[in-house]
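All of the numbers you see were taken from the coordinates with simple rules; none came from a lab. Given the structure is predicted, the values throughout are model-derived calculations rather than measurements. Backbone-built Cβ (ideal geometry, glycine too); neighbour counts: all protein chains shown.
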Amino acid sequence: MPLLVVENLERVYGEGSQSVAALRGVSLAADAGEFIALKGPSGCGKSTLLHLIGAMDRPTGGTITLDGVSLDRLEEDDLVRVRRRRIGFVFQFFNLLPTLTVLENVTVPKLLDGATEREARASGLALLDRVGISNRAHHFPAALSGGEMQRAAVARAVINQPALVLADEPTGNLDSANGRHVMQVLEEMNRELDVTVILATHSDEAAGYAGRVISMRDGLIEFDRNESTAHEPVLKPV
């Protein structure tokens, strides 16, 4: 059974003549341990799709099932628990809290989930070492480079050992060298922790780290290409 199943997903913003359909019936499935890249021009719906899969927004229509649980049917408190325990997030602009140290930023999700400070600190330090910035643990985000901040964000995303990591343009605010380093860290987490990664990106280089590329346009999937077997189950608008 796939880890993630999305069926006929729709998201419409606004009403009547002012409405905009960001997603127009998207379906896909992702297995545990997959690395998927969502590609397409700005406004194609890839970030909207990530937000819906990540339970940060609710669909207008369709269903999202993660680990057998229908997210679209959950109450808000249950969605918060799913986001905290089963999904990790990496954003283009890092979203680190400026008044907390790097280690404190990384450990926030674990502390919110009930871990002791000692447990959270041990996990956070181990992850910062793993992503290569343990020497920055007690610095504030303003003292870090963009690449270092994004590596801290990746560590924060996986500290609760989620089943799924969603990365929205994680290299979009970085130079080429730092972008490659961040993608290598994501690839390592995908491979070694068996966490499913879904990445939204404009970058061909970033998408090259994925084993599967899904191209989107106008709120629909254009093609879904596996690394070894290309195929095009295009969803037609209804």
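Between Arg217 and Glu222, the built amide H atoms are under 5 Å apart, and every one of these is 5 or more places off in sequence or on another chain. Placing unit charges on the Cβ atoms only, positive for Lys and Arg and negative for Asp and Glu, gives the stretch 1-59 a dipole magnitude near 180 debye about its Cα centre.
When the GluC sites (Glu not before Pro) in the stretch 62-133 are filtered for DSSP coil states and for at most 13 other beta-carbon atoms within 10 Å of their beta-carbon, the remaining sites are Glu75.
So what is the calculated 222 nm ellipticity per residue for the chain, using -39500 (n - 2.57) for each DSSP H run with n of 4 or more, over all residues, to the nearest 500 deg cm²/dmol?
Details: 7 runs with 78 residues, N = 238.
Helix-only estimate at 222 nm: -10000 deg cm²/dmol.
Quick one: Cα centre-to-centre distance for the stretch 1-61 and the stretch 71-145, in angstrom? Cα centres, the stretch 1-61 to the stretch 71-145: 25 Å.
Where Rh is the Kirkwood radius over the Cα pairs of the stretch 132-210, the temperature 4 °C and the viscosity 1.567 mPa s, what D in µm²/s does Stokes-Einstein return? Answer from the Stokes-Einstein relation: 101 µm²/s. 3J(HN,Hα) couplings calculated from phi for the stretch 182-199 with the Karplus curve 6.51 cos²θ - 1.76 cosθ + 1.60 (θ = phi - 60°) are, in sequence order, 5, 5, 5, 5, 4, 4, 5, 5, 4, 6, 7, 9, 6, 8, 6, 10, 10, 10 Hz; Gly and Pro show x. Summing Lys, Arg as +1 and Asp, Glu as -1, what charge do residues with Cβ under 12 Å from the Cβ of Asp194 carry, Asp194 excluded? Residues close to Asp194 contribute a combined charge of -3. The long axis of helix 102-112 is offset from the longest Cα principal axis of the chain by roughly 60 degrees. Dividing the mean sequence gap of close Cα pairs (under 8 Å, 6+ apart) by how many residues the chain holds gives a relative contact order of 28 percent. So how tilted is helix 117-130 from the main axis of the chain? Cα-based, degrees 0 to 90, rounded to 10. Rounded to the nearest ten degrees, it is 80. Measuring nothing but alpha carbons in the chain and taking Rh as the Kirkwood radius, the Rg to Rh ratio lands at 0.97.
Each Cα pair of the stretch 17-73 feeds into the Kirkwood radius, which the Stokes-Einstein equation turns, at 37 °C and 0.692 mPa s, into a diffusion coefficient of 258 µm²/s. Expressed as a whole percent, the proportion of Cα-Cα pairs in the stretch 65-122 lying more than 12 Å apart is 73%.
Each listed q (0.16, 0.18 Å⁻¹) maps to a log10 I(q)/I(0) for the stretch 89-175 from the Debye sum over equal C-alpha point scatterers, namely -0.54, -0.69.
Note the angle between two axes, namely the Cα long axis of helix 146-158 and the longest principal axis of the Cα atoms of the chain, as a number of degrees from 0 to 90, rounded to the nearest 10. The helix 146-158 is inclined about 80 degrees to the chain. Between Leu112 and Phe223, the FRET efficiency from the beta-carbon distance, with R0 = 41 Å, is close to 0.60.
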